[in-house]
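The values are calculated or read from the model by the stated rules, or taken from the named source; none is laboratory data. From a predicted model like this one, the values you see are computed outputs, not experimental measurements. Every residue, glycine among them, receives a Cβ derived from its backbone with ideal geometry; neighbour counts consider all protein chains shown.
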Amino acid sequence: MSELHADSNERPRCVVMKFGGTSVEDAAAIRRLCQIVNGRLRYHPVVVVSALAKVTDQLFGAGAAAARGHNENACAILQELEGRHSMLSRELLGAKECNAPCQNLAADFRATHELLASISRARDFSLQAQDHLLGMGEHFSSKIVHAALVRSGLEAVWVDAKECVITDAAHTRATPLWKETNQRLECLVGPLLGVGRIPVLGGFAGSARDGVPTTLGRGGSDFSAAIVGAGLHATRIEIWTDVDGVMTTDPNLCSEARCVGRMSFDEAAELAYFGAKVLHPSTLLPARRQDIPVWVLNSRNPEGLGTEISAELHDEGRVKALSVKRGVAVVDVEPVRWLAPELLREVCEVFEHHHHTLDLLSASRGSLSLLVTSTTSLPAIAEELKDLANVRWENHKALVCLVGEKIRRRPEVASQVFRAIADIDMRMLCQGASERNISFLVDESRAEESIKRLHKVFFSSESKPEPRASHYALCQSGGTWQ
């Protein structure tokens, strides 16, 4: 791991450390967090935390139940959450020291019960209500982490993220208002760093200019870390999770998967686009804009080297990782008369109207082939296009993708792919609009076999990986972003 450097300015530059749900899931995890933060004191840490594992989903379930009038179910879920958080506080802080934090937590849960009651009365779990309720998960966890850090002897200060991250009013997918956010961070967080304190914030949540709570959507806590890092001009951003870094592929598919030491922002974004559970692309944008390296590290193995994601290019022309995106459907669009240029525009407009995102598009003289991740609206789309084209689709496909800087310039890479899976029926081989990916479509039943063969071809000469725990991998598609 490269050496961190403190800045000589009046306010020291910091390192932003984001801890995901599995890194704060129980008392043992939070004690590890405290030890990790203690080891970063000389670099002026800022701590950003996710909700405890599974909490965001449970809060959503409570809100949905309240909106349906199922008040008992909603209250039962919230009582279970309150019990979990209270027990965690007592386990971390001890009977004597947990009194004030537990009272504070109880007050927060009373306010959350009132929020559920208002949702029940309105019989509407609106986007605004969702933001208010779901953001409470990080509110709870950040207060517990703050108390645990203080208990361990560190000078931590809890900071309300909603006071720092100012966004537009696009509820459930808010975008930061950068000027206001940077000013708030400098005003509220900067002075704490200047006197050697450790700011602790919840991720995921912010607020609009009028103070109404918002959330940053998918990947929100990671995004929060990047927002804070960019606003404070951090030396680096660390994403602490439960795997050793970005993997060459999903270890659940290929036991030989190993950690990728370095990759570029573009490679990481490409992997995320093609289904890998890497950092969400939104996370990388503020870091890339400020040229701040992002590290993916394992809170269960803090001595591990992790993965560095930076603007620097490393190993051009080499395949860095393989991803697979399941549940894909291929849609064939055959024009009734001929493939006119305006047909493509009209097809895209119809898909957009039905809120369908096109993952890939391939065109020939007589037809279009499109990839989508949902077939729900395809009958309606086919009906709308019937005067222009015939629309057919096939389900249960998987998109396999190879990612690496400038691999498209290496013709031998595609040749190796063809040789490795010569007996597997594939279609829609695509080298993409960028130079960083080669992807193709196979039946879902052959996806795992394809990944294993390709991994053997491109990574067999690498050093043998260390045994890894079977946790959710950062090169695996699907799942919940926290």
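Among the residues of the range 107-123, the one identified as loosely packed, with under 13 Cβ neighbours inside 10 Å, assigned to a helix (DSSP H, G or I) and touching a residue at least 24 places away in the same chain (Cβ under 8 Å) is Ala122. Looking only at residues that are in a loop (DSSP other than H, G, I, E, B) and touching a strand residue (DSSP E or B) at 6+ places or on another chain (Cβ under 9 Å) in the range 199-239, which one is surrounded by the fewest Cβ atoms within 10 Å (Cβ to Cβ)? For the range 199-239, the residue satisfying everything is Arg209. Given the structure, is Ala321 buried (at least 21 other Cβ atoms within 10 Å of the Cβ), over 26 Å from Leu370 (Cα atoms) and touching a residue at least 12 places away in the same chain (Cβ under 8 Å)? Considered against the rule, which asks whether it is buried (at least 21 other Cβ atoms within 10 Å of the Cβ), over 26 Å from Leu370 (Cα atoms) and touching a residue at least 12 places away in the same chain (Cβ under 8 Å), Ala321 comes out as no.
Residue-wise test of (1) more than 30 Å from Leu305 (Cβ to Cβ); (2) out of contact with any Leu (no Cβ under 9 Å at 6 or more places or on another chain); (3) aromatic (Phe, Trp, Tyr); (4) not assigned by TED's automatic domain parsing to the domain that holds Trp158.
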residue	(1), (2), (3), (4)
Arg31	no, no, no, no
Val37	no, no, no, no
Glu72	yes, yes, no, no
Ala76	yes, yes, no, no
Gly83	yes, yes, no, no
Leu88	yes, no, no, no
Leu92	no, yes, no, no
Ala107	yes, yes, no, no
Leu116	yes, no, no, no
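Is one or more of the residues making up the range 175-189 touching a His at 6+ places or on another chain (Cβ under 6 Å) and assigned to a loop (DSSP other than H, G, I, E, B)? For the range 175-189, residues touching a His at 6+ places or on another chain (Cβ under 6 Å) and assigned to a loop (DSSP other than H, G, I, E, B): absent. Selection of first residues in the range 432-448 that are within 18 Å of Ser369 (Cα to Cα) and of second residues that are modelled with pLDDT of 85 or more and among the hydroxyl-bearing types (Ser, Thr, Tyr), restricted to Cβ pairs under 6 Å at least 6 apart or on distinct chains, gives the following pairs, ordered by first then second residue: Val442/Ser450. For the structure I just gave you, tell me whether Ala100 is assigned by TED's automatic domain parsing to the domain that holds Leu52 and loosely packed, with under 14 Cβ neighbours inside 10 Å. Taking the combined requirement at face value, the residue satisfies it.
Within the range 267-281, is even one residue in a loop (DSSP other than H, G, I, E, B), farther than 18 Å from Leu402 by Cα and either in contact with a strand residue (DSSP E or B) (Cβ under 6 Å, 6 or more places away or on another chain) or among the polar types (S, T, N, Q) (or both)? No.
Taken together, Val49, Val37, Val16 contain a single residue that is under 30 Å from Asp124 (Cα atoms), hydrophobic (A, V, I, L, M, F, W, C) and surrounded by 15 or more Cβ atoms within 10 Å (Cβ to Cβ), which is Val49. Testing Gly69 on (1) more than 29 Å from the chain's Cα centre (by Cα); (2) part of a helix (DSSP H, G or I), one condition comes back false. Which one is that? For Gly69, the exception is condition (2). Residue under question is Glu342, and the condition is that it be of a type outside the set (S, T, N, Q) and either closer than 30 Å to Ile30 by Cα or touching a Phe, Trp or Tyr at 6+ places or on another chain (Cβ under 9 Å) (or both); does it hold? In short, no.
Comparison of Ala64, Ala51 shows that the only residue that is under 23 Å from Leu216 (Cα atoms), of a type in the set (A, V, I, L, M) and touching a Ser or Thr at 6+ places or on another chain (Cβ under 7 Å) is Ala51.
Taken over the range 192-206, the residue count meeting the criterion of being over 17 Å from Ala51 (Cβ atoms) and in contact (Cβ under 8 Å) with a residue 12 or more places away in the chain is 7. Restricted to the range 233-257, and to residues there that are among the β-branched types (Val, Ile, Thr) and touching a helix residue (DSSP H, G or I) at 6+ places or on another chain (Cβ under 8 Å), the residue that is farthest from Val403 (Cα to Cα) is Thr235.
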